Ligand SMILES: [Zn+2]
């Protein structure tokens, strides 16, 4: 983690830089101040058992063997959302992600009825993309179903997933586009094919964009 290394000059420089910017902006919202504090490196966030990043999700902890403790976005920038399909049911996904022998888990699982489970905090690194770099920079979302059964990708699931992805994009300033919201198949070097050819990106991205617009605030990269 190197928290010692992150103290001292680096942190002071951030504070001074931030302070100078703050002086020039009289009407800075309390929300912005909190966010500035949140992004300071070296200030590890408080952890509460069962705390959620996505409102409406149900906390179902993954095995600690399937993720790594981190302090994102202070130690790693989060700029990708990776979409997966389970090749199985919602219950199966939760079961294997609780299994320490599985070696992998996503932050979230979305069911075909629209329910959402959170298994790993977004500040931690989930082992889901098969690439250390991609794991460190992304939030992973599993979807109940099979790559060759498009009828399993229901409107309720697309809507719930889009709301979840929109929230992630809002929290970390991620542009809502196909460069930043990708399928597991698009991760460099992967041999996984999910979410497969039937995942309807032309439907999904506009849903994310609409959900993101409802959340308000800056939406970088959206033209
Ligand atoms: Zn996958």
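A Cβ distance below 7 Å, combined with a sequence gap of six or more or placement on separate chains, defines the contacts here; from region 128-150, residues that are under 18 Å from residue 189 (Cα atoms) reach residues that are within 13 Å of the ligand (Cβ to nearest atom) and assigned to a helix (DSSP H, G or I) in the pairs 128/135; 129/135; 129/184. Out of region 47-73, which residues are without any contact (Cβ under 8 Å) to a residue 40 or more places away in the chain and surrounded by 14 or more Cβ atoms within 10 Å (Cβ to Cβ)? Hit for region 47-73 is 65, nothing else. Candidates in region 81-95 are the residues that are part of a strand (DSSP E or B) and more than 9 Å from the ligand (Cβ to nearest atom); of these, the one that is nearest to residue 174 (Cα to Cα) is 81.
Each reported figure results from applying straightforward, stated rules to the coordinates on display, with no laboratory input. Just so we're clear, the structure is a prediction, and the values are computed from it rather than from any experiment. In this analysis, Cβ positions are derived from the backbone assuming ideal geometry, glycine residues included, and neighbour counts consider all displayed protein chains.
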